[in-house]
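The values are calculated or read from the model by the stated rules, or taken from the named source; none is laboratory data. None of these values were measured; they are calculated from a predicted model. For neighbour counting, all protein chains shown are included, and Cβ atoms are generated from backbone atoms with ideal geometry for every residue, glycine included. Just so you know, the surface numbers come from the protein's heavy atoms only, side chains and all, with ligands and any DNA or RNA stripped out. Shrake-Rupley method; radii C 1.70, N 1.55, O 1.52, S 1.80 Å.
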Amino acid sequence: PDFREMVLAEDREDLLAAGRLSRSTGSPYDCEFRITATDGTRRWVAARGEAIRGADGQIERLVGSTLDITRQKHAELEVRNLNATLEDRVRRRTADLENANRLLGQAKLEAEAANVAKSAFLANMSHEIRTPMNGIIGMGELLSATGLNTEQREFLDLIRQSADAL
């Protein structure tokens, strides 16, 4: 088959335009396009060449070469797909990290509020325990100045030790 017929219809105009530009300007052409090979497979081809002019300055022919770049194009596609996948993974991971930071901030505020509540509770409980304890210790001192038998003095010593421990 004619090589031009092998070129996919959607790429044919770009190839012809490159040839026309080379003929009109005399500059080399360089283009990439897809073909349907004789075995029916789709292949990517890179074509490079230039117009050859005769002694009269007229273009006699186009000469050049073609190279099968199918593997390169597939590798490029794979890299693009991997980049897209990676970008998506980075976006998801960034969103996950932002959410984790938000939750961490909330947990920090809750922990700080709990710490304030604990401190207030402990200060209040300390006061609530200390005030009656001072009364118990004071009454124990007054009781020790009275006439107590040995058993009563032992009980009073136990009360004093317990109060001192608290």
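Remark: pairs (first residue in segment 132-149, of a type outside the set (S, T, N, Q); second residue outside any helix (DSSP H, G or I); Cβ separation under 8 Å; 6+ apart in sequence or on different chains) = M133/L166. One residue stands out among those in segment 30-51 that are modelled with pLDDT of 85 or more, open to solvent by less than 70 Å² (accessible area, probe 1.4 Å) and farther than 18 Å from E5 by Cβ: the one that is farthest from the chain's Cα centre (by Cα), which is G49.
Exactly one residue among E141, E128, E110 is part of a helix (DSSP H, G or I) and over 30 Å from Q161 (Cβ atoms), and that residue is E110. Against the condition hydroxyl-bearing (S, T, Y), surrounded by 10 or more Cβ atoms within 10 Å (Cβ to Cβ) and within 26 Å of R43 (Cβ to Cβ), how does T66 come out, does it pass? In short, yes.
Filtering A75, A95 for residues that are within 36 Å of the chain's Cα centre (by Cα) and over 29 Å from R4 (Cβ atoms) leaves a single hit, A95. The residues in segment 150-166 that are basic (K, R) and touching a residue at least 12 places away in the same chain (Cβ under 8 Å) can be counted, and the count is 1.
Within segment 33-48, the set of residues being touching a Ser or Thr at 6+ places or on another chain (Cβ under 8 Å) and either free of Cβ contacts under 8 Å to residues at least 24 places away in the same chain or on the phi > 0 side of the Ramachandran plot (or both) comprises A46, R48.
Output the residue which, of all residues in segment 100-144 that are among the polar types (S, T, N, Q) and closer than 30 Å to D157 by Cβ, is most open to solvent (accessible area, probe 1.4 Å). Among them, the one singled out is N134.
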